[in-house]
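Reading through the structure tokens given below for one structure.
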Amino acid sequence: MLRTWHRPLVVFGWAMTLLVPITLVGLLVDDRMLMNSPIWLKPFKFAVSLAVYAFTLAWLLTFLKRFQRVGWWAGTVLVAGASLEMVVIIGQVLRGKRSHFNFETPLDVALFSIMGSTIVVLWVTHAVVAVLLWRTDIENKALAWSIRLGLVISFLGLGVGFLMTRPKPGQALDGPTLGSHTVGAPDGGAYMPLTGWSTEHGDLRIGHFVGMHALQVLPVVIALLGHRATVKMAWVTSASFLGLFLLVTWQALRGQSLVQPDGTTLLALAVIVVATAAGATWARAPRKELALA
């Protein structure tokens, strides 16, 4: 089956999959810390995330009936950009330097500028694929809408990365660091295991992660629903996921840790839960009425 998928994306996905155990070895044998975090944690997380993303996109491109050449080039350009980004990240790890927001030396500035360019490439090529798939007729309508809406939410999730590059309070434009993952304090404080997300302050990586992987979560939810999956249910689950993405991003922008929500955040979460339950009931109602008839 993989032989019919977008070859560059599949090859890149396997390369990232092979990189995962290598980074795990790095975590085990290299005790260097960077910003209070194991130095190999970042390439490990990026390898896992990009492997999942690459295989998903390779699968999605199989649905294209028109503009297949455009889709192939979009996927190939995306692979080139993501590959360059991983080269920079691993290269900085080998140098013992942080890859993101590093303005310490001209070389660090150049490398981060390259990463900034690759992020723009990823964002634009993702948008191209999204437009192509919105114009593609997919037989399973519930799956089709979960893919289309998942692409939109993923596009927004990727865009959260640009919020991280903004100068934070106390940072000088000519200083060694410009931008950060954390809101309310410098990067490097207490963090969650595995994810590395801050347990003390807001962390924009949460919204970035949640939004980006809508592309995997929503089609899987529709697949798990089986015969209960409808277009209405695809819209409800997508709206619920969008609400969750916006909530964790808003929470981070307010400088609040995911594990320390205040009353306002909890109230917003309760509204999303209630709205999701009501939406699910609405989406299932026609089937019940049909059964009674």
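All of the numbers you see were taken from the coordinates with simple rules; none came from a lab. Note that the structure is predicted; figures quoted are calculated from it, not measured. No Cβ is skipped: glycine too gets one built from the backbone with ideal geometry, and neighbour counts run over all protein chains shown.
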In whole percent, the Cα-Cα distances of the chain spread across 10 Å bins from 0 upward as 6, 25, 32, 24, 10, 2, 1, 0
Shape call for the range 135-293 from the C-alpha gyration tensor, a ≥ b ≥ c root eigenvalues: rounded (a/c under 1.5), prolate (a/b greater than b/c) or oblate? prolate
In degrees between 0 and 90, to the nearest 10, how far off the longest principal axis of the chain does helix 106-134 point, with axes built from Cα atoms? 10 degrees
Please compute the length gained on full extension between Lys65 and Thr195, using 0.36 nm multiplied by the number of residues separating them and subtracting their Cα-Cα distance. 43.0 nm
Taking the 0 to 90 degree range and rounding to the nearest ten, how far is the long axis of helix 7-29 tilted relative to the main principal axis of the chain, both from C-alpha atoms? 50 degrees
Which links in Lys42/Lys168; Lys45/Lys232; Lys45/Lys168 stretch past 31 Å when you go from one Cα to the other? Lys45/Lys232
Sparse-neighbourhood loop sites, trypsin sites (Lys or Arg not before Pro) in the range 28-93 - DSSP loop, at most 13 other Cβ within 10 angstrom: Arg32, Lys65, Arg66
Helix 141-164 sits at what angle to the longest principal axis of the chain, using alpha carbons and giving 0 to 90 degrees rounded to 10? 20 degrees
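Expressed as a rounded percentage, what relative contact order does the range 1-137 have, with Cα pairs under 8 Å and six or more residues apart?
28 percent
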Express the relative contact order of the chain as a whole percentage, based on alpha carbon pairs under 8 Å and six or more residues apart in sequence. 16 percent
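Please tell me the relative contact order of the range 140-293 in percent, rounded to the nearest whole number, where contacts are Cα pairs under 8 Å and at least six residues apart.
Working: 212 pairs, mean separation 43.7, N = 154.
Reported relative contact order: 28 percent.
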When the chain is fully extended, how far beyond the present Cα-Cα distance does Leu253 get from Glu104, taking 0.36 nm per residue of separation? 51.1 nm
